[in-house]
Every structure is written in structure tokens, then in C-alpha cells.
Amino acid sequence: MPDVSFDCVSCGACCFSRNPRYLELLPWDAARSLPPESLFTEEGRTFVRFECGHCIHLDLSNGKAACQVYEDRPEACRAFRAGSFECVKARRANGVMGALAREAS
Ligand code: SF4
Ligand code: SF4
């Protein structure tokens, strides 16, 4: 068996994207408290801002990938399961701690 760890705090790969509209808020997010300055709206759809190739709420200091709004993270983040097909795909594309995404930028 390959030794694959899906510890999100040492990964963060799914919080990286070059698509500025990667993370859209959904109706369930209306009750969540996300800082308004971390969001933008286009054509009636609201998205979380991405900067430097990753979500603005991702804190990569201290060698960890920490979500700074974990309690209020959007529905799409909650639905993203560690070890899922999408998770493995994100890790292959972006690398653990976004290493591959940062190399490509
Ligand atoms: S890519 Fe998978 S292991 Fe990494 S943070 Fe996202 S859900 Fe967790
Ligand atoms: S809100 Fe948190 S979990 Fe969701 S993409 Fe941003 S840093 Fe990652």
C-alpha cells in the first residue's frame, strides 16, 4: 500500500487554483460569516477571492495549510472530502502545500 497521508492541514492542495472563479458561494453560505472584502460578485454570482494562486483565506505560514475561516468555510469546501477522487486530482495538479501550482506560476 502506498503511504499517502490525507491530512488537510499539511496539504491545502484543493485551496489552490488559477481560476479566479474557482470557489463560488452557494445558497447555503448565506448564513456564514465571511469577510465581505474576501468576496467579489460577477453577474449575480459571488466568489471567494484568490491571490497568489490560492484562496485568500489560506494561511501557509508556519509550514501548515490553515483555513483562516474554517468555522465559516463555504459549502463547496465542506463537501470536498479528503481522499476522494477530486482530492487526489487536486493533489496531483497542485501538489502538497501547492508546490506544483507555485512552480508553474
Ligand atoms: S486536497 Fe485533499 S488532503 Fe489536501 S487539503 Fe484538500 S481535501 Fe485535504
Ligand atoms: S475557504 Fe478555507 S477551505 Fe475553502 S478554499 Fe479557502 S482556505 Fe481552503
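The values are calculated or read from the model by the stated rules, or taken from the named source; none is laboratory data. Because the structure is a prediction, the values reported are computed rather than measured. Every residue, glycine among them, receives a Cβ derived from its backbone with ideal geometry; neighbour counts consider all protein chains shown. What goes into the accessible areas is simple: the full protein's heavy atoms, side chains included, and nothing from ligands, DNA or RNA. Shrake-Rupley method; radii C 1.70, N 1.55, O 1.52, S 1.80 Å.
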Output the number of the condition that Glu24 fails; it satisfies all remaining conditions of (1) open to solvent by 70 Å² or more (accessible area, probe 1.4 Å); (2) touching a helix residue (DSSP H, G or I) at 6+ places or on another chain (Cβ under 9 Å). (1)
Exactly one of Ser61, Ser33, Ser38, Ser5 is within 15 Å of the chain's Cα centre (by Cα) and among the hydroxyl-bearing types (Ser, Thr, Tyr), and that residue is Ser38
Limited to the range 48-63, what total is found for residues that are modelled with pLDDT of 95 or more, farther than 12 Å from Ser17 by Cα and either open to solvent by 70 Å² or more (accessible area, probe 1.4 Å) or of a type in the set (Ser, Thr, Tyr) (or both)? 0
From Arg92, Arg73, grab the single residue that is buried (at least 16 other Cβ atoms within 10 Å of the Cβ) and either away from ligand 1 (no atom under 11 Å from the Cβ) or without any contact (Cβ under 8 Å) to a residue 24 or more places away in the chain (or both). Arg73
Matching entry among Ser10, Ser38 (being under 16 Å from Met97 (Cα atoms) and of a type in the set (Ser, Thr, Tyr)): Ser10
When you check Arg102 against the structure, is it surrounded by fewer than 16 Cβ atoms within 10 Å (Cβ to Cβ), more than 12 Å from ligand 1 (Cβ to nearest atom) and part of a loop (DSSP other than H, G, I, E, B), yes or no? no
Can you name the condition, by its number, that Ser5 falls short on among (1) assigned to a loop (DSSP other than H, G, I, E, B); (2) buried (at least 17 other Cβ atoms within 10 Å of the Cβ)? (2)
Condition met for Cys87 (within 14 Å of ligand 1 (Cβ to nearest atom) and either over 18 Å from Ser10 (Cα atoms) or within 12 Å of the chain's Cα centre (by Cα) (or both)): yes
Using the structure shown, decide if Arg45 is surrounded by 13 or more Cβ atoms within 10 Å (Cβ to Cβ) and either modelled with pLDDT of 95 or more or not small (Gly, Ala, Ser) (or both). no
Could you run through the range 29-42 and say how many residues are open to solvent by 50 Å² or more (accessible area, probe 1.4 Å), modelled with pLDDT of 95 or more and outside any loop (DSSP other than H, G, I, E, B)? 4
